[in-house]
Every structure is written in C-alpha cells, then in structure tokens.
Amino acid sequence: MNSMIKRIITLCVGLSIMSLGVAFSIKASLGTSPISSMPYVTGHISGLSVGTTTIIINWIFVIIQILILRKKYQIFQLFQIPGAVIFGVMIDICGFLIGGINCGSYLQQWIVCAAGILFVGFGVSLEVKANLITTPGEGIVLAICKVLPVKFGNMKVAFDVALVCGSIILSLIFLGAVDGVREGTVAAAVCVGLLAKLFGRFLNKIDVNESEDSSKNAAESNA
C-alpha cells in the first residue's frame, strides 16, 4: 500500500514538473515540445488556454487508444484521463506563476527554453519511475505497436513528426503563419528523451543506495 502511494505521488510530481517545463517552453516563444505543439496551436485558434486544449486532446488520444486496441485495452489505463486533467490544470497554473518572467533577448529566450526542456525531461523520468500509467500520447504509440509490427522508438518519432506537421498545417490555415514550432521544438525533440534517460539512471542509483542502506541498517539491528 505504501509503495502504491509512493508511486502515485511520484507520478503527480512528475506531471507537475512536466507542466512547469511546458510553461517555460511557451514563455520562451521558441517553440514547444512536439507533444505540446498541437495543444498550443489549437489553443491559439480556439482562444482556450493551453492547459484546457491539452486536456481535450489527451482525452481524444485515450479514445483513439480504445478504438485501436478494443478488447485488448487495459481498463487501468483510463486513469490517463485524470492524469491528463492534472497535467493540463498544472500547465495553466505554472504559466500564471511564471508570468512575470520576461525574455528580452534571444539568449534569454534560450535560457528559459533550456529550463523548460530540463523540467520536461526530469518530469518524464519521474513518470517512468512511477510505472503506473503512460501519458495518452505515448499510449497511442504503444497501442499502434501492439497491432502493427513497428518498433516503439520508430513509431514515437513518426508520431511526434505527425503532430508537429499537423500543428504547422493548422497554424498556417487558421493563423496565417507558423506558430508554436521553432528551433526550440527541434531542441526538445532531441534532448528530452536523452535527459529523461540520464535522470532515470540517477533516480535508479538513488534507489539502489537507499536499498543498500536499508539492508545495512536491518543487519545492524539484528546483530
């Protein structure tokens, strides 16, 4: 029970840190991460907040997973829905909290963008560490891989590219210019996964050290 509570807390913290990273990316105005590009563009088109469009699009992703997997869909993954709500609400809250940050130069934009990428990478590593649910975007990729002979890594890249292309097309049609997709988007696509792996290794090392300390203390107590 304590282990499950710890995993739930880890997931919620991870989602919150990811949302802070998205808020920083938006603030930098150098382009959001691929998975956030669609909510960002549709938010500008509809007038809704990015957090709200994130919730809506993630719910659509859950529905798509169900349609793809049908009877093979794991009911437990429906917890992606409240997870999406937490993520979306926190994006808007974090955006409000960092509203006072100003990017007066291109260098400052990159500093804020880099902070966003770091936060997203760390948040993803915590989400993976929790090992409870996948994000709806990753859920679609996993669902496709279950019905088609495609490797997850290749499908993930294709899915991210499709999201970015879709965002560009929508922004050109409805806004008259490319919005939300810039050099920061490319940086996020390249760096987030790498950072998540590095942070993941660090978290695993901490767990190993804690386990060794617990075993040592137990041995000393029994002595």
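Within segment 78-99, the residues that satisfy the criterion of being under 21 Å from Lys27 (Cα atoms) and not hydrophobic (A, V, I, L, M, F, W, C) are Gly88, Asp92, Gly95, Gly99. Of the residues examined, Ile117 is one that is open to solvent by less than 40 Å² (accessible area, probe 1.4 Å) and in contact with a helix residue (DSSP H, G or I) (Cβ under 6 Å, 6 or more places away or on another chain). Selection of segment 194-222 for residues being surrounded by 10 or more Cβ atoms within 10 Å (Cβ to Cβ), aliphatic (A, V, I, L, M) and either at pLDDT below 60 or closer than 26 Å to Val164 by Cα (or both) yields Leu194, Leu195, Ala196, Leu198, Ala218. Restricting segment 129-171 to residues that are charged (D, E, K, R) and open to solvent by less than 70 Å² (accessible area, probe 1.4 Å), the residue that is farthest from Ser19 (Cα to Cα) is Lys156.
Scanning segment 175-193 for residues that are open to solvent by less than 30 Å² (accessible area, probe 1.4 Å) and either under 21 Å from Glu127 (Cβ atoms) or part of a helix (DSSP H, G or I) (or both) yields Gly184, Thr185, Ala187, Ala188, Val192. Close contacts from segment 158-170, counting a first residue that is of a type in the set (D, E, K, R) and a second that is in a helix (DSSP H, G or I) and open to solvent by 50 Å² or more (accessible area, probe 1.4 Å), with Cβ to Cβ under 9 Å and a gap of 6+ residues or different chains, come to Asp160/Ile35; Asp160/Ala189. Of all residues in segment 36-56, none that is within 19 Å of Pro82 (Cβ to Cβ) and modelled with pLDDT under 95 has its Cβ atom under 6 Å from the Cβ atom of a residue that is of a type in the set (Gly, Ala, Ser) and open to solvent by less than 30 Å² (accessible area, probe 1.4 Å), 6 or more apart or on another chain. Is it the case, given these coordinates, that Val124 is open to solvent by 80 Å² or more (accessible area, probe 1.4 Å), within 23 Å of Glu183 (Cβ to Cβ) and β-branched (Val, Ile, Thr)? Against the criterion (open to solvent by 80 Å² or more (accessible area, probe 1.4 Å), within 23 Å of Glu183 (Cβ to Cβ) and β-branched (Val, Ile, Thr)), Val124 does not qualify. Residues of segment 1-52 that are touching a helix residue (DSSP H, G or I) at 6+ places or on another chain (Cβ under 7 Å) and of a type in the set (D, E, K, R): Arg7, Lys27.
The values are calculated or read from the model by the stated rules, or taken from the named source; none is laboratory data. Just so you know, these numbers come straight off a predicted model, no measurement behind them. Please note: Cβ atoms are built from the backbone with ideal geometry, for glycine as well, and neighbour counts cover all protein chains shown. Surface accessibility is based on the protein's heavy atoms, side chains included, excluding ligands, DNA and RNA. Shrake-Rupley method; radii C 1.70, N 1.55, O 1.52, S 1.80 Å.
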